[in-house]
1. From the helices alone, meaning DSSP H stretches of at least four residues, give me the mean residue ellipticity at 222 nm for the chain, per-run term -39500 (n - 2.57), in deg cm²/dmol to the nearest 500.
2. For the stretch 14-58, what does the relative contact order come out to in percent, with C-alpha contacts under 8 Å and a separation of six or more?
3. What is the distance, in nm, between label points placed 7 Å from the Cα along the Cα-to-Cβ direction at residue 8 and at residue 25?
4. Which one, (i) 43; (ii) 62; (iii) 34, gives percent of Cα pairs over 17 Å apart as derived from the coordinates shown?
């Protein structure tokens, strides 16, 4: 069973990046089924940040 890590209901760049980072930390510390997720589509600014960093949106 997967453990989903969410930010808040209206995802902004901070919420999505925090979910991605925390899910990664959990995977590195033994919670191999942690998955970053978001409630809704990322906005254009968040899409730009993730694309620039080479990270797939959750």
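Here, each number is a calculation from the coordinates, and none is a lab measurement. This structure is a prediction, so every number in the text was calculated from the model and none was measured. Glycine also receives a Cβ, built like all others from the backbone with ideal geometry; neighbour counts cover every protein chain displayed.
1. Estimated from H runs of four or more residues: -14000 deg cm²/dmol.
2. Dividing the mean separation by the residue count of the stretch 14-58 yields 37 percent.
3. Placing both labels 7 Å beyond Cα along the Cβ direction yields 1.8 nm.
4. Calculated percent of Cα pairs over 17 Å apart: the matching label is (iii).
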